[in-house]
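What follows is calculated from the coordinates using simple rules that are stated; it is not laboratory data. All figures in this text were calculated on a predicted structure; none of them were measured in a lab. A quick note on method: Cβ atoms are made from the backbone with ideal geometry, for glycine too, and the neighbour counts reach across all protein chains shown.
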Amino acid sequence: MKKGYVRKIIKFSSIDGPGNRTVIFLQGCNFNCSFCHNPETIKIYSDLNAEDSEVKLMTIYEIVDTIDDYRDFIEGVTISGGECTVQFDFLLSLVMELKKRKYQVIIDTNGSLEISKFQQVLHYIDQIIFDLKVYGEKEHKRITGHSNRKIKRNIKIAGFNKQIYEIRTVIIPDLIDNDENVKKISRFIAHIDQSIQLKLITYRQIGVRETLLKSKSPTKKDMLKLKVIAEGQGLNNVIIN
């Protein structure tokens, strides 16, 4: 029986997809973003670390049976992280079981999965939330440690399949040229589907590793300016968080 490392389960959330949802946070991430606000979720486990009491080793049935107890109060389930696709075999079994039980399922991902695996999981989910950190590949490597070529490809695949719920981008002053980054991301999305929702997230220095990044939050004026830039590239659904 497959087991996975689970950081936490939030029974009810209104910010991780449509309606009231249960959110499952899987442990482990393949990125090391300088602005990560949940660095405790990065470590990838091969054996359960007894020192980390926040992480539990659970079966898919332990998770889904628990959710069944309050399914009448939720619209669906979102699986997040860390990066949920790091535990691919467990993730695939989990979404298959959730769909068998008729749940609406979303995954929140950085989009870096290999195409064969991405297409497998795409078959068993309803929608995806993508975190597109940076459009430029060189800057993306500098900030996350990885290329974004697979991410852009997977966004195109999911977008043409009408399976994207939202694409998120964090706005951090002084880290990159945010005006240019938002312009390029918005143009990229608009060429796929102008109705895809783009969420511009205000960076807040809460829970981040200050040894990797010291920055400030953008102002409301900054965020409104970026919203106008995004809409100017043809997007119909741009929101600020």
Q: Any cysteines in the chain with zero other Cys Cβ atoms under 4.7 Å from their Cβ? List them, or say none.
A: Cys29, Cys84
**Q.** Burial ordering of His146, His37, His140, His191, fewest other beta-carbon atoms within 10 Å first
**A.** His191, His37, His146, His140
Q | Coil-residue GluC sites (Glu not before Pro) of segment 88-177, DSSP, other Cβ within 10 Å capped at 12 | A | Glu114
Q) Roughly how many Å is it from the Cα centre of segment 54-118 to that of segment 14-29, as a whole number? A) 9
Q | Pairwise label distance in nanometres, Asp69 with Lys184, each label 7 Å out on the Cα-Cβ vector | A | 4.8
Q. D for the chain, whole µm²/s, Stokes-Einstein with Kirkwood Rh over alpha-carbon pairs at 25 °C and 0.890 mPa s: what number?
A. 133
Q. For the pair Ser53 and Asn241, how long in nm is the line joining their label points, each one 7 Å along Cα→Cβ?
A. 3.0
Q) With each pseudo-label sitting 7 Å past Cα toward Cβ, what's the Ile115-Lys3 distance in nm, one decimal? A) 3.7
Q: Take Tyr103, Tyr124 and order them by how many other Cβ atoms sit within 10 Å, fewest up front.
A: Tyr124, Tyr103
Q: Per DSSP H run of at least 4 residues, take -39500 (n - 2.57); add these up for the chain, divide by its residues and hand me the 222 nm value, nearest 500 deg cm²/dmol.
A: -10000 deg cm²/dmol
Q: Using only Cα atoms, find the angle between the long axis of helix 88-100 and the longest principal axis of the chain, and express it within 0 to 90 degrees, rounded to the nearest 10.
A: 70
